[in-house]
Amino acid sequence: MGVFEILAAWFALSLTGALAPGPLTAAVVMQSSKHGRLHGILPMVGHAIVEVGIIAAIIISVQTLTLTSLMIDLLVGFGGAVIILFGVLALRDYRFREETKVQETPKATASSILEATTQGAAVSILSPYFLLWWFGVGLANVTMLVGTLQVGVGTVFLAGVLIYITHVSTDFIYGAALTLGTDVATKKAKVGGINWISVIIGLVQIGLGFWFVILAAPGLIAVFS
């Protein structure tokens, strides 16, 4: 699989991850409702800052590994399994739930800007699902890119930068859409009482997860057979 295909799959995974309801989405909605649309993007800024550290840790871990074909297949297969897990978790929320309305508060101040940014970082650091997603799915994608890019000085760093930029772009695309239309964007599709957004996200993640597993399967079967 080429670099473009890996980044395209990563973009789709990152987008489904961003769209999935969670504490970061709630933080964006809350801040947007409290202080206005532009203020609502600040939790995403805090989230992106945390992800710099995550990517740095992944780069260090990949550099310390001996990336044999077996190691790459193991990491890709594990990443696929994590993606499938998150898809199943998304499907569990197939029923629509009414959102709790947030009370309005005064306009933004310097302290509220810091609070909103910190909130985005905090909900990211304290979420075990966030860390599992990155060290499962993120590590698998960095590993695949390292295996695809021409080996040389800075290959792992370049792979990390590409993964980070691609991922953060989906976070800010979603965050911007959410803050510009909080009342509309935060309403889940609920035809027949079913949350079709979660259903679609779950199915896409499961499909992509199985794709990763299938990519890794031939190498693993050859080694263990």
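Derivation of every value follows stated rules applied to the coordinates shown; laboratory data play no part. Please read all numbers here as calculations on a predicted model, not as lab measurements. In this analysis, Cβ positions are derived from the backbone assuming ideal geometry, glycine residues included, and neighbour counts consider all displayed protein chains.
How do 47-60, 75-88, 158-171 rank on mean C-beta neighbours within 10 Å, highest first?
75-88, 158-171, 47-60
Per-peptide packing, taken as the mean over residues of other Cβ atoms within 10 Å, places 37-45, 216-224 in the sequence 37-45, 216-224 from highest down.
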